[in-house]
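Take a look at the structure below.
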Amino acid sequence: MKTNESLVLTALRRGMRVTRKTSLERSWCENLTATISRLRKKGYTIVAVRAMSPAGAYTRYKLLAEPEATLLGTAKAA
């Protein structure tokens, strides 16, 4: 079974619109803010983009960069 973090990360990598609403609708996670925070602590660069809709303001997230070790496929040697 995939974790909340991996589901959200997969969506971000695919360039999907990741918002609180889509996260709930697609059953990725219930607390998107906490999931994004954990991913940031792991080294992912994720920005919050403030947007407006007729219903009001909302935040969507976009992945800008991944941790260097993930891009190389191995952990850095000390």
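The values are calculated or read from the model by the stated rules, or taken from the named source; none is laboratory data. The shown structure was predicted, so the numbers you read here are calculated from the model rather than taken from an experiment. Note that we place each Cβ from the backbone using ideal geometry, even for glycine, and neighbour counts take in every protein chain shown. Keep in mind that these areas ignore ligands, DNA and RNA; they rest on the heavy atoms of the full protein, side chains included. Shrake-Rupley method; radii C 1.70, N 1.55, O 1.52, S 1.80 Å.
Total residues in segment 1-23 satisfying the condition of being surrounded by 12 or more Cβ atoms within 10 Å (Cβ to Cβ) and among the charged types (D, E, K, R): the figure is 4. Considering the conditions (1) at pLDDT below 95; (2) open to solvent by 90 Å² or more (accessible area, probe 1.4 Å), CYS29 is excluded by exactly one of them, (2). For segment 10-33, the set of residues classified as part of a helix (DSSP H, G or I) and under 14 Å from ALA48 (Cα atoms) consists of LEU12, ARG20, LEU32, THR33, listed by residue number. Remark: pairs (first residue in segment 20-46, without any contact (Cβ under 8 Å) to a residue 12 or more places away in the chain; second residue open to solvent by 90 Å² or more (accessible area, probe 1.4 Å) and of a type in the set (Asp, Glu); Cβ separation under 8 Å; 6+ apart in sequence or on different chains) = LEU24/GLU30. Take the conditions modelled with pLDDT of 95 or more and either loosely packed, with under 12 Cβ neighbours inside 10 Å or among the basic types (Lys, Arg) (or both) and apply them to ARG60. Does it pass? Against the criterion (modelled with pLDDT of 95 or more and either loosely packed, with under 12 Cβ neighbours inside 10 Å or among the basic types (Lys, Arg) (or both)), ARG60 qualifies. The set of residues from segment 1-12 being in contact (Cβ under 8 Å) with a residue 24 or more places away in the chain and over 8 Å from the mean Cα position of the chain (by Cα) comprises just one member, ASN4.
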